[in-house]
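Undergrad: Sharing a structure with you now.
The values are calculated or read from the model by the stated rules, or taken from the named source; none is laboratory data. Model, not experiment: these values are computed from the prediction. Backbone-built Cβ (ideal geometry, glycine too); neighbour counts: all protein chains shown.
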C-alpha cells in the first residue's frame, strides 16, 4: 500500500479502498432519482435557526478534488470520513448515513456522542474507505462529507453524479489534516461557520487550560504507540490525531518517529530492535487488549527502556473505557471526554 498504514492495523485510519465505484455508478444514479428535492421535509431545526442557515447559501467549499458549490441548506447528510459525524452532530444535524471505523457499529455507544444520536442511528454505508454506493444513493442525500477519509478520485466522481460532495481538505495528506481544518470545512458546507468557530474556540480553550495547569508537560517529550501483533510495533507521527491530541495538551513530540515513517504514512512501523525510539519522557500505549499490554511489557528489548523501568509508560484502551477511541477521533465532541479521562492518568505517571 502506497499511502498509509497496512490493512492489518485495524485501529489506524489508513485503509486500502476496496470499492469498485465505476461498477455501481449507474445503479447509484438510478437509485437516487430526484430525491434531493424532497430533502427539505427532513429539517428538524427551529424556524429562526433555519432562516440563519439558509442565508449562508450558496457556499463554495474548496477541497482535494476541486470545489463544490452548495446552493441550499443541506437536510440529508451522509458522512464518509471516519470521524466526520461528530462535527456534524455538534452542529445540530444527525447524518442519515456514516461509515464504520471500529467494526462494531458503535453509534450511540460513544459517550461523547450518545446523547446527540439518541435513537436516530445512521445507516452504515461502508467500512472505512470502502463505500457502498447503492446504500448511499438509496438514502438520497443532498450532501456527502468526506474529511477524515481516503476517498479516491473515482469515488468522488461517482458520488458527484448524484449529490454534492465535499472531499478531504486540500494541501494535506489523507487523514492528516488538523481537526480544526476539517471542522471548518464541515461547518462551511453546512452553512454554520459562526457556530463552528465557537466550537473550535471552546476546544482550544480546553487545551489551553490544561497546558496552564501542567506547564511541566511542555518540557516533556511524548510518543504514542500501539502493537497490533507480536514483535511488531507502531509509533504515530505528528500528523496523526492521537499525536496531535497530546501535542495540544502541551507535550513535545519525538521528531525521530516522523523520520522513520514512510512518506504519507501516519505511523512509523518498528521492529523490537527499534523500540529505543520510544525511550522518551512519556510513552502512551493505546491498545486493544490486556493481552497486548502484557505482550509488550514482556518484550526483552522493551524491558531495557528507561521509560519503562521508571514507570513513565502508560497503557490505555481504545474501548471500555473509550479513551483511545476518543483521542483517535480527536473531534470537537470527543476531545473534552478524552481530556477528562487522560489528564488524571498522565498526572498519576511521574
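Undergrad: Hey, among the residues in the stretch 280-309 that are assigned to a loop (DSSP other than H, G, I, E, B) and in contact with a strand residue (DSSP E or B) (Cβ under 9 Å, 6 or more places away or on another chain), which one's surrounded by the fewest Cβ atoms within 10 Å (Cβ to Cβ)?
TA: Kept after step one, since they are assigned to a loop (DSSP other than H, G, I, E, B), are these residues of the stretch 280-309: 280-281, 288-289, 299, 304-305.
So of that shortlist, the ones also in contact with a strand residue (DSSP E or B) (Cβ under 9 Å, 6 or more places away or on another chain) come out as 280-281, 288-289, 299, 305.
Details: 280: 24, 281: 18, 288: 17, 289: 10, 299: 17, 305: 19.
Applying the filter and picking the extreme gives 289.
Undergrad: Being in contact (Cβ under 8 Å) with a residue 12 or more places away in the chain, under 26 Å from residue 129 (Cβ atoms) and over 16 Å from the mean Cα position of the chain (by Cα) is true for just one of 260, 249, 222. Which residue is that?
TA: Working: 249 fails: under 26 Å from residue 129 (Cβ atoms); 222 fails: under 26 Å from residue 129 (Cβ atoms).
Exactly one residue qualifies, and that residue is 260.
Undergrad: Quick one: in the stretch 41-74, of everything that is in contact with a helix residue (DSSP H, G or I) (Cβ under 8 Å, 6 or more places away or on another chain) and at pLDDT below 95, which residue is surrounded by the fewest Cβ atoms within 10 Å (Cβ to Cβ)?
TA: 45
Undergrad: Count, please, the residues in the stretch 175-200 that happen to be crowded, with 21+ Cβ neighbours inside 10 Å, without any contact (Cβ under 8 Å) to a residue 40 or more places away in the chain and more than 29 Å from residue 266 (Cα to Cα).
TA: 0
Undergrad: Within the bounds of the stretch 247-270, is there any residue that is under 20 Å from residue 344 (Cβ atoms), touching a helix residue (DSSP H, G or I) at 6+ places or on another chain (Cβ under 8 Å) and assigned to a helix (DSSP H, G or I)?
TA: Of the residues in the stretch 247-270, the ones under 20 Å from residue 344 (Cβ atoms) are 247-251.
Next, from what is left, pick out any that are touching a helix residue (DSSP H, G or I) at 6+ places or on another chain (Cβ under 8 Å): 248-251.
Now drop any that are not assigned to a helix (DSSP H, G or I), which leaves 248-249.
There is at least one residue in the stretch 247-270 that is under 20 Å from residue 344 (Cβ atoms), touching a helix residue (DSSP H, G or I) at 6+ places or on another chain (Cβ under 8 Å) and assigned to a helix (DSSP H, G or I).
Undergrad: Counting just the residues of the stretch 140-156 that are more than 21 Å from residue 93 (Cβ to Cβ) and in contact with a strand residue (DSSP E or B) (Cβ under 9 Å, 6 or more places away or on another chain), which one comes out surrounded by the fewest Cβ atoms within 10 Å (Cβ to Cβ)? Let's see the steps before the verdict.
TA: Pass one, the stretch 140-156, residues more than 21 Å from residue 93 (Cβ to Cβ): 150, 152-156.
Okay, now just the ones that are also in contact with a strand residue (DSSP E or B) (Cβ under 9 Å, 6 or more places away or on another chain), so 155-156.
Working: 155: 26, 156: 22.
Among those residues, the one meeting the criterion is 156.
Undergrad: Could I ask something else about it? What's the number of the only condition in (1) under 20 Å from residue 82 (Cβ atoms); (2) touching a helix residue (DSSP H, G or I) at 6+ places or on another chain (Cβ under 7 Å); (3) modelled with pLDDT of 95 or more that residue 324 fails to meet?
TA: Only one criterion in (1) under 20 Å from residue 82 (Cβ atoms); (2) touching a helix residue (DSSP H, G or I) at 6+ places or on another chain (Cβ under 7 Å); (3) modelled with pLDDT of 95 or more is unmet by residue 324, namely (2).
Undergrad: Then there is this: Please pick out the residue among 247, 266 that is within 26 Å of residue 332 (Cβ to Cβ) and at pLDDT below 95. Walk me through how you get there before you give the answer.
TA: Values: 247 fails: at pLDDT below 95.
Just a single option satisfies the conditions, and that option is 266.
Undergrad: Scan (1) closer than 26 Å to residue 109 by Cβ; (2) in a helix (DSSP H, G or I); (3) more than 14 Å from the chain's Cα centre (by Cα) for the single condition residue 144 breaks and write down its number.
TA: Answer for residue 144: the failing condition is (2).
Undergrad: Also: Would you confirm, using the coordinates I've provided, whether residue 332 is under 27 Å from residue 82 (Cβ atoms), touching a strand residue (DSSP E or B) at 6+ places or on another chain (Cβ under 7 Å) and buried (at least 20 other Cβ atoms within 10 Å of the Cβ)? Spell out the reasoning first.
TA: Details: under 27 Å from residue 82 (Cβ atoms): yes; touching a strand residue (DSSP E or B) at 6+ places or on another chain (Cβ under 7 Å): no; buried (at least 20 other Cβ atoms within 10 Å of the Cβ): yes.
No; evaluated as a whole, the condition is false for this residue.
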